[in-house]
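No lab work stands behind these numbers, since they all come straight from the coordinates. The model shown is predicted, which means the values in this text are computed figures rather than measured ones. All Cβ positions, glycine included, derive from the backbone under ideal geometry; neighbour counts span all protein chains shown.
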Amino acid sequence: MAAQLLTPTLAPAPIAQKPTSIVRVLVSLRYRIMWNALRRNTWQLVGAIIGALYGLGVLGMALVGLTALGLSNSPFTGIVLILVGSLIVLGWGIMPLVTAGADRTLDPARFAVFPISPGTLRRATLLAGAVGIPGIITGVVAALTGLAWIHHPLSAIIAVLCAPLVLLTCLLFSQLVMTLATRLAASRRYREIIGSLMLVLVILLGPLIAGLSNGVSLSLDVIPQAAEIASWTPFGAAWAIPALVAEGDALGAILRLVIALASVALLAWLWGIAYDAAANAAKSPAAASGKVRDARGPFRFYPASAAGAIAARCLIYWFRDPRYARSLLIVPIMPFLFWFVTRQFEAGPELMAFAVPFMLLFTATATFVDIAFDGTAFAAHVSHGVRGIDDRRGRAWAFLTLITPLTIVVAIVVAVVSGTAHLLPAVLGVGIGMLLAGNGIASVQSAFFLMPVPDPEDSPWASKPGSGALSMAGTFGSMGVLLVLSAPALVLLGFAVGTGSTLLTWLTLPVGLGIGALFYWIGVRWGGRILDRTAPDLLARLAKHA
């Protein structure tokens, strides 16, 4: 008996399951993981609810718009639906470029050790995308386009029947781009470059569109031509079928149907190749190699103290962690946006004096997410008893070391280019003052405020479920406080710009620096005292988000 107990027994062989049941299990697993993540964090749950309500709002607006379009019986109904529908499909392909790594629940690398075929994983991924909020919204909106053809019953029926084809095209296009982007995203440089380029594109989208609309007159002849071209592409073929049926062009509708079906087949084939390659690479990854670099450089520039060590470490992160790239990109982009807006309103060049304060309104409080970016590594500060004031000073020193020279350079360039060099002392006083005050605000805010942030290996654009509303609240809250604290210096700058007074210009310099230094001093000490009390709680919340 004892021998039997001591003899190891082999586990029974796993029972083979049908691919459909495995797909069902994988989809339920994905949403169970998401639900557990939301249940652990109230703010993430609130953000997810807000996102769902936003989706319902989009559906409501689509319902109203499509109904109005159908009742109007406009001859441009088909053109509008083709162009908007093409943009929807194109958007599904663009989003993975900025969210690569955002959702890796069904990543083939996670299932490399399980006897699950890549085909089964692909079907599970498609089904999970179809029953997600974006998939549901897209599918319902595509079906609701039947309302736009209320005066053409056959076209309305065909529009509803084409909705699954549209959704399948969106899902396959998105997954193909996602698979390719995820493989490339294994390179940190790729994530930095793509994330940076997409951020620049998003920020400059308004000026680009305005420039195009000013330079190109979009007549009624150009819009139909654009819709005609889009209808022959995978983006607009499925959307064009009901419109062609309404026009009585049966041959054109059949040709677009062939293009749409061929596009789905081609996308599925290409995605299968890319997905299988990713799955095989996950099963036999190449050995990583790299050089050990000397990281002592920044440590030589700060005092041999706890605050100095933290400053050196944070400065290294500013250069090596792609999640910090957004704060740095805003520095050169925001003055350009400010110039563009002032030019649209035909304002005088003197208003460019506010370009640097406008830039710092978005940049000066960037360190309020530093502890969140540290993650559970913040445990080193807690376990070693680092004083809160040293933590606050170190993080502020690193940020000021990097951003202060950039601010001065941008201020000089803007002053020279815009012809406002006589206002440079006032601009520097307000700008550096806002930089100091912003660090004071961030020192207090980050001592108690914590929001979910992407992991270090994720894309800079990835986000935790439900973090959008929390991020907006933290960002705009700190910006509002900074605007209030900097109001006296900004008012002086306004009078200096309006009157051209040299006295006010030079008076703004010490006033701005004095206000900034005061609130920096208060913020660092106040934030340090708060952090001394809240550090264990912050660490527990960081572990909960991990």
Show log10 I(q)/I(0) for the range 31-94 at q = 0.12, 0.19, 0.24, 0.29 Å⁻¹, two decimals, from a solvent-free Debye sum over equal Cα scatterers. -0.52, -0.85, -1.02, -1.13
Which value, in debye to the nearest 20, describes the size of the charge dipole of the range 297-545 about its Cα centre when Lys and Arg Cβ atoms bear +1, Asp and Glu Cβ atoms bear -1, and nothing else is charged? 420 debye
Report, in whole Å, the centroid distance computed from the Cα atoms of the range 221-267 and the range 46-81. 21 Å
With 5 Å bins from zero, work out the P(r) of the range 297-545 over every alpha carbon pair and list the percent per bin. 1, 7, 13, 17, 19, 16, 11, 8, 5, 3, 1, 0
Out of 306, 329, 399 - ranked by how far each Cα lies towards the positive end of the dipole of the range 297-438, with unit charges on the beta-carbon of charged residues - the top one is 306
Subtracting the Cα-Cα distance of residue 87 and residue 491 from 0.36 nm times their residue separation yields 141.1 nm
With contacts defined as alpha carbon pairs under 8 Å and 6 or more residues apart, what's the relative contact order of the range 297-545 in percent? 28 percent
Over 10 Å intervals from 0, what percent of Cα-Cα pairs in the range 380-431 sits in each interval? 22, 33, 20, 15, 9, 1
